[in-house]
Amino acid sequence: MQFDVRETESAGDAIALSLPQFRAVEDVGRNAATKSGLDATPEQLPAAPAHIRAGGRMMDSHGRTILDLRISITDRCNFRCVYCMEPDVQFQPRENVMTPSEIIRMARVAQSLGVRKIRLTGGEPTLHPQLTDIISGIRAATDVEIAMISNGSLLTRQKLSAWKRAGLDRMTISIDSVRADRFARVTRSTVTPEDVIAGIEMCVAEGLTPLKLNAVLVRGQNDDEAVELARLARRFGVEMRFIEYMPLDSAHAWDRSLMVTARETRAAVEAVFPLTPTNMDDSHSTARTYRFMDGAPGRIGFIAPVSIPFCGACSRLRLTADGNVRPCLFSTKEWSVMTLLRGGASDAELANFLIDVTWTKLAGHNIASPDFVQPERPMSAVGG
Ligand code: SAM
Ligand code: SF4
């Protein structure tokens, strides 16, 4: 089935000076996958300065430009990773989740504002029954790079090949352990690491590359697996990235002492596999990447948002499954674009909305500050 990507466009392109009340969602509650921006107290989104709107780019007040949009296409997941979702997390009613047409339309408007890369995420995006249509719709409407991140548990050659034909450029697969008992404990699923490793092999075979692998090390859970995970990079010639555990878990159980820093992880990997910087990281990259000094294929990446914040180079904006735009992963406020999407707004109004939200982006996440407030919504709800 093909979506008509124009079907939700409203006629006319006049830029409304007086837009409807946008709804800000502030500190939506625990297990907040159930909270919808549509229930929130209306709050007026301040307009960006006229010259910023006129520039037709998403620029924030700190001089950063948005090039990368992460779209959570579903908040549902078949895993309950300990650092992400509690077992009893509740999901959005389906009617609150963006439709494929709404997702595709947002992708098109974002590209018109300079976005060059869209990452489909979740929840688990491969659970979405219309995933192929979403990919092909974005491909028909834009020429952005389309990437997707998945827990790798539901992959088949047939699906990967269909997504690739539809326009998917590359994949990232999360894998936190190569030991079956650990994997079960961390993901609280019956999937095995072999299932995910088979998925990794299939992605490589399908050419959904450069393939990246993500792992979150949590102290006392899988913090002794850095070397085993690094071996996957060498085995498949891919980039294995270690992400610091961030305070974005639905249980609010994050504690600095549970986080394994990038420095610690690097030392563990280097004790077995000496590394040298690739010097290939672009200025917007979240990861600092290294290659193996012995010349083995593959790379190691470290993403250290907590210990070495990279907010100054941030070029990302996030769209939640229920149609809220988040200026930052750690925002305690997000803005509902669903109100516009379902209220007959024109593309120009959507564009102004994205420009205005971007303008509200704070300089940094402030995790190190004693005043830091953990956002209520977990990573799975905000499009990690
Ligand atoms: N379900 C897919 C997956 O796991 O790859 C996509 C969504 S998941 C939210 C995206 C990424 O966020 C995964 O690599 C996951 O490990 C990471 N993540 C989730 N919660 C996190 C946390 N509290 N701190 C750091 N990374 C986290
Ligand atoms: Fe699901 Fe991904 Fe969160 Fe794990 S990290 S619970 S796989 S959304």
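The values are calculated or read from the model by the stated rules, or taken from the named source; none is laboratory data. Bear in mind that the values here come from a model prediction, so they are computed numbers and not experimental data. Don't worry about glycine lacking a Cβ; one is built from the backbone with ideal geometry, like all the others, and counts go over all protein chains shown.
State which residue pairs qualify: first residue assigned to a helix (DSSP H, G or I) and inside the range 76-105, second residue within 16 Å of ligand 1 (Cβ to nearest atom) in any location, beta carbons under 7 Å apart, and separation of 6 or more residues or different chains.
Asn96/Asp322; Pro100/Ile134; Ile103/Ile71; Ile103/Ile73; Ile103/Ile134; Ile104/Ile134
Table: residues versus (1) modelled with pLDDT under 95; (2) surrounded by 19 or more Cβ atoms within 10 Å (Cβ to Cβ); (3) of a type in the set (Gly, Ala, Ser); (4) over 30 Å from Arg185 (Cβ atoms).
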site: Gln2; (1), (2), (3), (4): yes, no, no, yes
site: Ile15; (1), (2), (3), (4): yes, no, no, yes
site: Ser18; (1), (2), (3), (4): yes, no, yes, yes
site: Ala33; (1), (2), (3), (4): yes, yes, yes, no
site: Asp39; (1), (2), (3), (4): yes, no, no, yes
site: Pro46; (1), (2), (3), (4): yes, no, no, yes
site: Met58; (1), (2), (3), (4): no, yes, no, yes
site: His62; (1), (2), (3), (4): yes, no, no, yes
site: Gln90; (1), (2), (3), (4): yes, no, no, no
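For Arg53, indicate whether it is among the charged types (D, E, K, R) and either within 16 Å of ligand 2 (Cβ to nearest atom) or touching a residue at least 60 places away in the same chain (Cβ under 8 Å) (or both).
It is true that Arg53 is among the charged types (D, E, K, R) and either within 16 Å of ligand 2 (Cβ to nearest atom) or touching a residue at least 60 places away in the same chain (Cβ under 8 Å) (or both).
Looking at the range 201-222, can you tell me whether even one residue there is away from ligand 2 (no atom under 15 Å from the Cβ), buried (at least 16 other Cβ atoms within 10 Å of the Cβ) and over 19 Å from Thr156 (Cβ atoms)?
no
Where in the range 278-384 are there helices (runs of 4 or more DSSP H), lying wholly inside it, with at least 1 residues that are within 16 Å of ligand 1 (Cβ to nearest atom) and touching a residue at least 40 places away in the same chain (Cβ under 8 Å)? Before you say what the answer is, go through the steps one by one.
Values: elements: 338-341, 347-359, 379-382.
In the range 278-384, the matching helices (runs of 4 or more DSSP H) lie at 379-382.
Filter the range 175-191 down to residues that are buried (at least 18 other Cβ atoms within 10 Å of the Cβ), free of Cβ contacts under 8 Å to residues at least 60 places away in the same chain and either farther than 14 Å from Arg235 by Cα or not β-branched (Val, Ile, Thr) (or both), then give me how many there are.
Adding up the residues that qualify gives 3.
Identify the residue in the range 123-158 that is assigned to a helix (DSSP H, G or I) and touching a Ser or Thr at 6+ places or on another chain (Cβ under 7 Å) and, among all such residues, is surrounded by the fewest Cβ atoms within 10 Å (Cβ to Cβ).
Among those residues, the one meeting the criterion is Leu127.
Could you tell me how many of the residues in the range 232-277 are more than 16 Å from ligand 1 (Cβ to nearest atom) and not in a strand (DSSP E or B)?
14
List the number of the failed condition for Glu145; all other conditions in (1) within 15 Å of the chain's Cα centre (by Cα); (2) within 16 Å of ligand 1 (Cβ to nearest atom) hold.
All conditions pass for Glu145, except number (2).
So if I check each of Thr190, Thr209, which one is in contact with a helix residue (DSSP H, G or I) (Cβ under 9 Å, 6 or more places away or on another chain), part of a loop (DSSP other than H, G, I, E, B) and closer than 26 Å to Pro297 by Cβ?
Thr209
If I filter the range 209-217 for residues that are of a type in the set (Val, Ile, Thr), more than 16 Å from ligand 1 (Cβ to nearest atom) and free of Cβ contacts under 8 Å to residues at least 60 places away in the same chain, do I get at least one hit?
There is at least one residue in the range 209-217 that is of a type in the set (Val, Ile, Thr), more than 16 Å from ligand 1 (Cβ to nearest atom) and free of Cβ contacts under 8 Å to residues at least 60 places away in the same chain.
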